[in-house]
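The values are calculated or read from the model by the stated rules, or taken from the named source; none is laboratory data. Values in this document were obtained by computation on a predicted structure and should not be read as measured data. We place every Cβ from the backbone using ideal geometry, glycine too, and count neighbours over all the protein chains shown.
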Amino acid sequence: MNMLGLSLAYLRRRPLTTALNLLLLALGVALIAFLLLLERGLENRLSRDVAGIDMVVGAKGSPLQLVLSAVLQVDVPTGNVPLAALEDLRRNPLVRQAVPVAMGDSFGSYRILGTEPAYIDHYGGRLAAGRMFEGPMEAVLGAEVASASGLGLDSPLVGSHGLTVGGEAHADTPCRVVGILTRTGTVLDRLVLTPVASVWAVHDHHHHHEDKAEETADDHDHGAEKGHDHDAAVDHDREVTAILVRYATPLAAARLPREINSQTSMQAASPAAEMLRLRALMGLGLDAMRLLGLVLVLAAGLSTFVALANALQERQYDLAVMRALGAGRGRIMGQILTEAMLVALGGAVLGIALAHGGVAALSGFSARGRDLGLSAGQFVAGEGLLLLLSLLVALLAAALPAIRAYRTDVSRLLAKG
Amino acid sequence: MPAANLIDLDNVIHRAGGHPILRVEHLSLPPGRHGLLLGPSGSGKTTLLHMLAGLMVPDQGSLSLLGHDLRAIGDAGRDRLRADHVGIVFQQLHLIAAVSVADNLRLARRLAGSAPDEKGLMDLLARVGLAERARALPSDLSQGERQRVAVARALVNRPALLLADEPTSALDDTNCDAVIDLLLEQAELSGATLLVATHDRRLMSQLPVLLELAKPMEQAA
């Protein structure tokens with residue numbers, strides 16, 4: 001029977017109090033740890049998705065919206081830009097690469113993105129099956145789309161109008177799946193990729209159909225085809241939703257965005273700068289959640305303090321007898337601290353396990369979770385700090401009862417009987 | 001050189017609230033001389049017992065245990081001396097309720113810094129007739145069994161001095177004899193000297209009175 005065994009025995013004698021303290025601490029730690037893991041996943045995901053894209057050119061509007069829609073594929077586009085702008089950029093010596101993206105349709109909850117193979121190369125996309133799209137109405141599926149839809153090679157893929165679920169189906173203009181990508185942990189995984197010409201073709205057909213039906217209004221929220229004259233469909237009238245640009249030289253960062261913003265009807269947005277804004281916006285919510293977790297950890301500390309103070313009252317004779325058996329004052333103090341530390345360690349470990357269990361559940365059951373590339377087996381440095389914080393809170397909670405035990409007049413107590 | 005006496009006490013005075021509660025002129029206890037500290041309630045028996053155990057020091061006078069001046073060796077020194085050489089059986093027994101009978105004894109060894117000795121521990125439990133109850137919790141034992149555990153715990157570190165505080169209060173004659181027999185027998189077997197603080201004059205038939213204390217007013221007189 002050592003001090004650790006004795007501490008465990010005392011904890012076992014108060015199962016309800018011990019369980020309550022453990023649970024309180026575990027919930028606080030779990031909440032904070034889960035947020036840390038989620039934040040890291042989100043950070044990694046954002047970093048992967050914006051990596052290598054120096055500038056996004058799109059229609060005027062919110063630059064954050066432009067980056068969210070054209071790079072992260074999570075917001076509606078700000079509008080369209082002329083295809084001619086893509087050619088202008090490609091001719092610009094400050095530009096190493098310019099890749100168009102055109103959107104307006106979706107497949108289930110996944111977006112159909114008109115682009116070029118260079119877009120897939122940019123994210124390191126590799127074919128798991130089939131081949132790259134070569135002509136209009138051919139589609140390559142991201143790994144998540146393929147897995148969720150069950151579509152295979154040569155399957156027809158019917159998109160629906162708009163970027164939200166429930167739009168009108170383009171049943172007359174299905175695409176054909178020609179390739180499936182391996183998982184990349186980037187935005188590619190949840191996209192249906194097709195040539196820009198497919199997007200134009202689908203919407204030429206759609207508008208033609210609408211004109212025949214003498215539709216007078218076109219309030220669709222899709223982008224690439226909006227406003228173009230499909231009866232006089234020539235390339236210089238064509239539009240794309242946005243253009244993703246890589247600079248050829250650092251000098252471009254100083255000149256190109258300013259030129260585009262001041263001399264054209266388009267806007268240039270920096271993904272890196274917009275991500276900083278996004279992090280600042282998200283940070284507020286995450287901070288609020290972290291604060292809640294901290295409150296739970298402190299509540300657990302308070303509860304541990306109350307439990308130890310009560311336990312000390314109940315066990316004052318035990319502690320006195322231990323002194324009488326030869327234990328020094330320091331050892332008695334250590335006994336109280338050990339007990340608090342055991343609760344803190346148990347609560348923190350349980351909390352971290354809960355957080356990783358939550359991550360495992362999230363990545364197992366939710367496509368969004370998988371999309372973040374979260375792994376239950378990976379730890380972040382903040383979790384170690386969380387463990388130390390829990391131990392510190394327990395130390396503070398146990399300090400007063402431990403000092404009281406240290407100062408107890410054993411003789412007077414035992415004389416009382 | 002080993003001390004001739006376990007205890008040497010001279011002109012000890014202890015006060016509480018400014019008033020003397022204990023006054024003892026002299027007490028010497030050689031090894032092997034079992035005996036009684038006799039006195040009525042409030043005469044300071046428990047206070048003296050705690051002093052002999054090093055749980056407190058007198059306000060005045062000299063008190064040494066195994067040749068060590070208890071006032072001079074400090075708190076840590078008294079803790080060490082008590083752990084190594086003194087076993088105490090409390091009036092209320094004060095067994096640790098959270099752990100088993102055997103663990104109460106193991107804890108006593110641990111707190112004294114003694115090496116684990118499972119065989120010795122089980123032999124001791126067998127000697128007091130509790131080998132079969134080693135894993136029981138104190139709350140599962142009878143009062144008599146608890147008393148035997150308390151005696152075994154006090155002896156588990158093979159102390160030179162075994163102190164017992166009012167071990168027979170509220171016991172009938174039969175049980176009173178049984179408890180004193182147990183304490184004497186186990187003290188003899190362990191080579192410890194037994195000192196019993198009691199107001200129970202029935203014990204005078206079994207142990208000599210080494211010191212008889214009066215109430216403070218009478219002591220002053």
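Per this entry, A:Gln267 is not counted among residues that are surrounded by fewer than 22 Cβ atoms within 10 Å (Cβ to Cβ), closer than 30 Å to B:Leu105 by Cβ and touching a helix residue (DSSP H, G or I) at 6+ places or on another chain (Cβ under 7 Å). Using the structure shown, decide if A:Met333 is closer than 30 Å to A:Leu27 by Cα and either in contact with a Lys or Arg (Cβ under 7 Å, 6 or more places away or on another chain) or in a helix (DSSP H, G or I) (or both). It is true that A:Met333 is closer than 30 Å to A:Leu27 by Cα and either in contact with a Lys or Arg (Cβ under 7 Å, 6 or more places away or on another chain) or in a helix (DSSP H, G or I) (or both). What's the number of the only condition in (1) out of contact with any Ser or Thr (no Cβ under 9 Å at 6 or more places or on another chain); (2) in contact (Cβ under 8 Å) with a residue 40 or more places away in the chain; (3) surrounded by 19 or more Cβ atoms within 10 Å (Cβ to Cβ); (4) within 15 Å of A:Leu325 (Cα to Cα) that B:Arg82 fails to meet? The number of the failed condition is (2). Number of residues in region A:69-92 that are closer than 16 Å to A:Ala118 by Cβ and in a loop (DSSP other than H, G, I, E, B): the value is 1.
A quick yes/no check of all residues on (1) of a type in the set (A, V, I, L, M); (2) on the phi > 0 side of the Ramachandran plot; (3) surrounded by fewer than 21 Cβ atoms within 10 Å (Cβ to Cβ); (4) within 14 Å of chain B (Cβ to nearest Cβ):
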| position | (1), (2), (3), (4) |
| --- | --- |
| A:Ala9 | yes, no, yes, yes |
| A:Thr17 | no, no, yes, yes |
| A:Leu31 | yes, no, no, no |
| A:Ser47 | no, no, yes, no |
| A:Ala59 | yes, no, yes, no |
| A:Ser62 | no, no, yes, no |
| A:Leu66 | yes, no, no, no |
| A:Val76 | yes, no, yes, no |
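Go over the candidates A:Gly384, A:Gly347 one by one and state the one that is more than 30 Å from B:Ala83 (Cβ to Cβ), within 25 Å of the chain's Cα centre (by Cα) and away from chain B (no Cβ under 14 Å).
Values: A:Gly347 fails: within 25 Å of the chain's Cα centre (by Cα).
The unique qualifying residue is A:Gly384.
The residue list B:Leu155, B:Leu105, B:Leu137 contains one member that is in contact (Cβ under 8 Å) with a residue 40 or more places away in the chain and more than 20 Å from B:Val86 (Cα to Cα), which is B:Leu137. Residues in region B:65-77 that are outside any loop (DSSP other than H, G, I, E, B) and more than 10 Å from chain A (Cβ to nearest Cβ) were compared, and the one that is nearest to B:Leu161 (Cα to Cα) is B:Leu65. Across region A:168-188, a minimum of one residue is classified as within 22 Å of A:Val99 (Cα to Cα), assigned to a helix (DSSP H, G or I), at pLDDT 70 or above and in contact with a Gly (Cβ under 7 Å, 6 or more places away or on another chain). Any residue at all in region A:318-325 that is outside any helix (DSSP H, G or I) and either out of contact with any Asp or Glu (no Cβ under 7 Å at 6 or more places or on another chain) or within 9 Å of chain B (Cβ to nearest Cβ) (or both)? Yes. Note on region A:397-417: residues that are more than 17 Å from A:Gly28 (Cα to Cα) and more than 14 Å from every other protein chain (Cβ to nearest Cβ) total 8.
Every residue in region A:19-29 that is surrounded by 22 or more Cβ atoms within 10 Å (Cβ to Cβ) and farther than 15 Å from A:Thr338 by Cβ, please.
If we filter region A:19-29 for residues that are surrounded by 22 or more Cβ atoms within 10 Å (Cβ to Cβ), which is where we start, we get A:21-22, A:24-26, A:28-29.
Those that are surrounded by 22 or more Cβ atoms within 10 Å (Cβ to Cβ) and farther than 15 Å from A:Thr338 by Cβ: A:Leu22, A:Leu24, A:Leu25, A:Ala26, A:Gly28, A:Val29.
Residue-level check: of (1) surrounded by fewer than 19 Cβ atoms within 10 Å (Cβ to Cβ); (2) in contact with an Asp or Glu (Cβ under 9 Å, 6 or more places away or on another chain); (3) of a type outside the set (Gly, Ala, Ser), A:Ile352 misses just (1).
Filtered by the rule that a residue be under 22 Å from B:Arg82 (Cβ atoms), touching a residue at least 60 places away in the same chain (Cβ under 8 Å) and either assigned to a helix (DSSP H, G or I) or more than 14 Å from chain A (Cβ to nearest Cβ) (or both), region B:6-29 gives B:Leu6, B:Ile7, B:Val24, B:Leu27, B:Leu29.
Only one entry in A:Leu31, A:Leu24, A:Leu64 is part of a helix (DSSP H, G or I), closer than 25 Å to A:Met289 by Cα, assigned by TED's automatic domain parsing to the domain that holds A:Asp88 and not aromatic (Phe, Trp, Tyr), namely A:Leu64. One residue alone among B:Gly113, B:Gly54, B:Gly77, B:Gly42 is small (Gly, Ala, Ser) and touching a Pro at 6+ places or on another chain (Cβ under 9 Å), and that residue is B:Gly42.
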